[in-house]
Each structure stands twice: as C-alpha cells, then as structure tokens.
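Coordinate-derived values only; no laboratory data. Model, not experiment: these values are computed from the prediction. Note that we place each Cβ from the backbone using ideal geometry, even for glycine, and neighbour counts take in every protein chain shown.
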Amino acid sequence: MIELAGYLGFVADMFEAALSDEGWRNAASLVARALGVDQAAIVVNRHGGMPDVSVTASILEFKDRYDLRYQQLDPWAERRRLLKVRGVFLASEIFPEEQFVKTEFYNDYARHIGMFRPMTADLVTQAGHTLEIGAEQPFSRLRFEAPDKARLDVLAPYIARAVDLRQSLRLARLNEALGGSLLETWTMPAVVCDGDGRILIANAGAEALERSGFFGLAGGQLRLPALHPALAARARAMIAGAGTTGLGGAFSVRDPRTNTLRMVLVSPLPASLAEGRSLVLVTVGDSSSRPVAPATLRAMFNLSPAQVELALALYDGVSLEEYALRRNVRISTLRTQLSQLFERVGVKSQKDLVAVLARIPQIGAR
C-alpha cells in the first residue's frame, strides 16, 4: 500500500497551484513529476460548467488539434463516456490495444505523438465537477502497472479537492466582476450561465421574473421561457450556440400575466469578463414600447411599407406562415420579400433581424 506521507509536498503544491491561473498552468507538471512521467493533463468540466484545463508543456503543441478534431475520434474517451467509468484505468482496460492500432485516431494522430498506453482517472469531485486526469510516457511501449495505478489512486482525491478550491475561487472572481459591479446594477433581468444552461449568476431582476413565472431558475438550471414551453427548445439552442460557436440569438415573447412583450437576448459573455471561459449572458428587456417607429425604420433602412409591416410582425413573434394567411399572400412572395428585407437591414436570419430591431432606440410614436 502506498502511503500519502511521500506525497505531502505534492499535496501542498497542488493547493498552492489552485490559488491562481498562473499556478494552475503548472498543476499538470506537478502531477507528471509525482507519477514519474513526462506528460500529464488535468481536464475539469470538459463538456460543460466552467471548462478548465492544465497540461504539461509538451502537450500544448498538439492540444488544439485534439480539441478541434481528434477528441471526436478518441476511442478511449468514447468508451469511458459510454461506460461512465469512475476510478483509475489503464488504456488497455478501456479499449483493446489490438483494436486501437487499427483506428483512425491512432494512425492519424496518436501514433505521431507517441500516445499509446496512457493511464487515466475519471471522477466527480465533492462539489460536482467532472475531473479527468491523464498520464502518458510518450513513445514508450512499457505498460503502466499496478503500482502506477496505486500512485494515481492516492493522488486523485487531493487533486479533486484542489480542483474544487480552484473552481470556487473562479466563481468568486466572476461574481466580483459581474455580480458586484455589473449585473446587480442592472434593473434589466440578467443571468450568466454555461452552454448547458447551468446558472452561475442571476441578478435580482431575474429572480423577480422567476417569481412572476416567466423564468425558471430552480435547481440552478435556466428554463426560459417557463410560460412558453414551445419556445424552450429554441431558447436552449440559442444558449448552446452562444456557449460553443459564439453565436446566440434573440426572440420576443408575450408574457400573458402582464401582457408585456419581452425581448430575450442571448449572447456569449465577453472573454474579458468570462476569463476565457465559454459563458453566456441572457437578458430580458421590456419590449412593450418597442420596436422603433415604422417611419424611422423606413428611413433607416430604406424599406417599403410592406417590408416594415413584415419586420414588425416577425419581431412580435408571428411566423411567416401565419403572416401569409393574415395578409392573404403566397408564402413564396413573402420569402422573396423577406430576402430583400434581410439584404437592406444587413442580416442573414430572422433572429438577427429581431436582434437589430430590439437594439434600435424608440424614436417617435408608432
């Protein structure tokens, strides 16, 4: 049995590394040194939450390639995900080597960087963060053995506690940057969440909307809009898009309890505030006095009266099909009109059109 006593210095160094971003960049090197290997990686909340990675310097040069393409082809990662493994495992225990050497992942990627027999630990920390710890001796055909697994098994719980400390400090910094100086000064309801809708911060305006039934914030998960289930999938897609591709969206929805037309904007949080994380800002505005007056809209974009009417109807949440029935015109005619409208406003989609209208200040009467 391996005793912790020989690793007390490592434990102290890990907790110190958790205190700052600069220190955390060295955390994987601490793991590699403790395990006696050249390469190691610590990956926190890979598929959501507040993604956080520390890797040894030699991995940095091929990390982006893995993230962009080869993560999708990694048979070890796929098997671990399907089996929902927890604990320390050798690569051969997850995926047979005789099959691994036939994969595209190995022949196009892993073989060229010496990745063949890594060792991984998968666990969930006490605070609920998913944690992956990887160790590799590149270009070595030697297997990790039981003593190697035992060493990582001893270290993993302390790495997990350091991860919880780091994540709590990151959230505290985010709260200080946003909750203390920005979101709480807004009367506009605002929520910061990740791409899966997990809430990090909700200001007083958002909590008030939850009490009215418009928002759903229970259990730390954003449900929007709670009063319109048909729009829920659309809202989730916008949030996921803002978190992954940097695209968001906007839509208007009428609150039946107050008969107020509300404008929902979904956008990625600026990297300067999110500290490089993929976070999403969701705001809800009172659109009862918007959008811009028709005369102003015509003047701004040189629109015809018919194009103005169509733009305002789309803003109010009317579908193209419904509008065609209302006006007794063919849907093909409306699609042509819509294409011309997009060109004049300078947008490529209905959600972009709605977002533009929502941002134009009210001038004059409708």
Approximate spin-label separation ALA12-GLU104, in nm, with each point projected 7 Å along Cα-to-Cβ: 5.0
Virtual spin-label span in nm between PHE342 and GLU207, 7 Å along Cα→Cβ: 4.2
Cβ-defined net charge surrounding LEU73, 9 Å radius [Lys, Arg +1; Asp, Glu -1]: -3
Residues whose placed amide H lies under 5 Å from that of GLN39, excluding near-sequence neighbours: GLU136
Interchain or long-range residues, amide H under 5 Å from ARG223's placed H: GLY216, LEU217
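Please give the length that would be gained between ALA306 and SER58 if that part of the chain were fully extended, namely 0.36 nm times their separation in residues minus their C-alpha to C-alpha distance (nm, one decimal).
Details: separation 248, 0.36 × 248 = 89.28 nm, distance 6.08 nm.
Additional length available on full extension: 83.2 nm.
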Residue-by-residue Karplus 3J(HN,Hα) for region 134-151, coefficients 6.51, -1.76, 1.60, Hz, glycine and proline x: x, 9, 8, 10, x, 6, 9, 9, 6, 7, 5, 10, 3, x, 5, 4, 5, 4
Spatial separation of Cα centroids for region 84-133 and region 218-270, in angstrom: 37
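Going by the alpha-carbon gyration tensor, a ≥ b ≥ c the square roots of its eigenvalues, is region 4-175 rounded (a/c under 1.5) or, if a/c is not under 1.5, prolate (a/b greater than b/c) versus oblate? Each step should come with its number before you reach the end.
On the way: a/c = 1.69, a/b = 1.41, b/c = 1.20.
Because a/c hits 1.5 or more and a/b exceeds b/c, region 4-175 counts as prolate.
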Coil-residue GluC sites (Glu not before Pro) of region 38-109, DSSP, other Cβ within 10 Å capped at 16: none
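Could you give the length gained by full extension between ARG298 and ARG335, i.e. 0.36 nm per residue of separation minus their alpha carbon distance, to one decimal place?
Working: separation 37, 0.36 × 37 = 13.32 nm, distance 1.93 nm.
Taking ARG298 through ARG335 to full extension adds about 11.4 nm, to one decimal.
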Derived scalar couplings ³J(HN,Hα) [region 339-344; Karplus, 6.51 cos²θ - 1.76 cosθ + 1.60; whole Hz; x for Gly, Pro]: 4, 5, 4, 4, 5, 6
Rounded to whole Hz, the Karplus (6.51, -1.76, 1.60) HN-Hα couplings of region 196-207, x for glycine and proline: 9, x, 6, 7, 9, 9, 9, 7, 4, x, 5, 5
Rounded FRET efficiency, nearest 0.05, which uses the C-beta distance separating ASN259 from LEU68 and R0 of 45 Å: 0.40
Across LYS63/LYS348; LYS63/LYS351; LYS63/LYS84, pairs whose alpha-carbon gap is larger than 27 Å: LYS63/LYS348; LYS63/LYS351
